[in-house]
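What follows is a short report on a single structure.
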Amino acid sequence: MSSAVIPVLLYHSVNDRRGDSWGVVSRAEFSRHVEVISRSGRQPITISLLAAGLRGEQALPHRPVAITFDDGYLDTYDAVALLGRRALRSTIYVTTANIGALDRLSAAQIAELARTPGVEVGAHAVHHRRLDELDEGELAEEMRDSKAHLERLTGERVDSFAYPHGAYDRRVRAAVIAAGYRSAAAVKNALSHGRDDPFAIARWTVTARTSAERLAQVLEGEGVPPAPPRERLRTRAYRTARRQRRRVLGVRSTQW
Ligand SMILES: [Zn+2]
């Protein structure tokens, strides 16, 4: 496995509504991103293929890239269609309790996307809670029920999971394996690579401020660190300290 970096892009919403926050990329900007990805010479692969590569079960193409969408926004449907017209593969992680909500994908759309060649549907838990703060029962439910829901809906196996808020620790990672998933995506804002952990795949968040020029640099691995191999997992003590610091500073966790 080569040590070359593998960018895994994390998008949330692609739309032109005013007043939306940092995670929303405008449609015009997204078209420019698609152009940049197309021209980069990188080959978009689904997360399942990337994970199979990380496990050493499958050879990865030269210069791979993975494009992912979290939460299951309604506008992901059009974004994925735009990628599809350029034969660019993508993976969508759906929060199942929100299926069919006003600004989210419907059950029928998710089933259709799952049947679309080059599109993978994965789970993003049921309620989008921080999994590292849940007890054993809730944690297992979030993973198991979202998987079962999507499998019922698509008629296909759901092998891939993305941690809500990118939050995971040793216990959460073990639970995702126990629930039968074959990969899990984290955030890290770093680049993945051949020695990345298939159950904590590093992704880089694309935001409202990500220009096409910046994206082109990221696709070349410029200005973004590679993820540490098998990142040291955070301890409970670390989380407690962080929560306290947040309270003191009044820092709010992000919406996603
Ligand atoms: Zn999310």
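Please compute, over every Cα-Cα pair in the range 1-155, the percentage with a separation greater than 19 angstrom.
Details: 6753 of 11935 pairs.
More than 19 Å apart: 57 percent of the Cα pairs in the range 1-155.
What's the magnitude of the charge dipole for the chain around its Cα centre, counting Lys and Arg as +1 and Asp and Glu as -1 at the beta-carbon? Answer in Debye, nearest 20.
Numbers: 39 positive and 30 negative charges, 167 e Å.
The dipole of the chain has a size of about 800 debye.
Please arrange Thr95, Thr154 by how many other C-beta atoms lie within 10 Å of their C-beta, fewest to most.
Details: Thr95 23, Thr154 18.
Ordered from fewest to most neighbouring Cβ atoms within 10 Å, Thr95, Thr154 come out as Thr154, Thr95.
Find the centroid of the Cα atoms in the range 51-77 and in the range 185-212, then give the distance between the two in whole Å.
So the two Cα centres are separated by 11 Å.
Using the alpha-carbon centroid of each, what span in Å lies between the range 21-40 and the range 123-175?
28
Test of understanding: ordering Thr91, Thr207 by Cβ neighbours within 10 Å, fewest first, what list do you get? Before the final figure, lay out the partial values.
On the way: Thr91 27, Thr207 14.
Arranged by neighbour count, lowest to highest, Thr91, Thr207 become Thr207, Thr91.
For the range 58-161, which GluC sites (Glu not before Pro) are in a loop by DSSP, counting at most 13 other Cβ atoms within 10 Å?
Working: sites: Glu112, Glu120, Glu133, Glu136, Glu138, Glu141, Glu142, Glu151, Glu156; in loops: Glu156.
Counting only loop positions with at most 13 other Cβ atoms within 10 Å, the GluC sites (Glu not before Pro) in the range 58-161 are Glu156.
Determine, for each peptide in 208-214, 4-10, the mean count of other beta carbons within 10 angstrom over its residues, then list the peptides with the highest first.
Details: 208-214: 13.6, 4-10: 23.1.
Ranking the peptides 208-214, 4-10 by packing returns 4-10, 208-214.
Which trypsin sites (Lys or Arg not before Pro) in the range 54-154 pass both tests, a DSSP loop state and at most 13 other beta-carbon atoms within 10 Å?
Numbers: sites: Arg55, Arg85, Arg86, Arg89, Arg104, Arg115, Arg129, Arg130, Arg144, Lys147, Arg152; in loops: Arg55, Arg86, Arg89, Arg129, Arg130.
Loop-located and lightly packed - Arg55, Arg86.
Taking 2.2 N^0.38 Å as the expected size of a compact globular protein, what ratio does the Cα radius of gyration of the range 162-233 give against it, to two decimals? Mind showing how you got there, number by number?
Working: Rg = 13.3 Å, N = 72, 2.2 N^0.38 = 11.2 Å.
Cα-based Rg divided by the globular estimate yields 1.19.
Computed from the coordinates by the stated procedures, all read-outs in this text should not be read as laboratory data. Treat the numbers as computed from the prediction; the structure is a model and nothing was measured. Glycine gets a Cβ as well: all are built from the backbone with ideal geometry, and neighbour counts include every protein chain shown.
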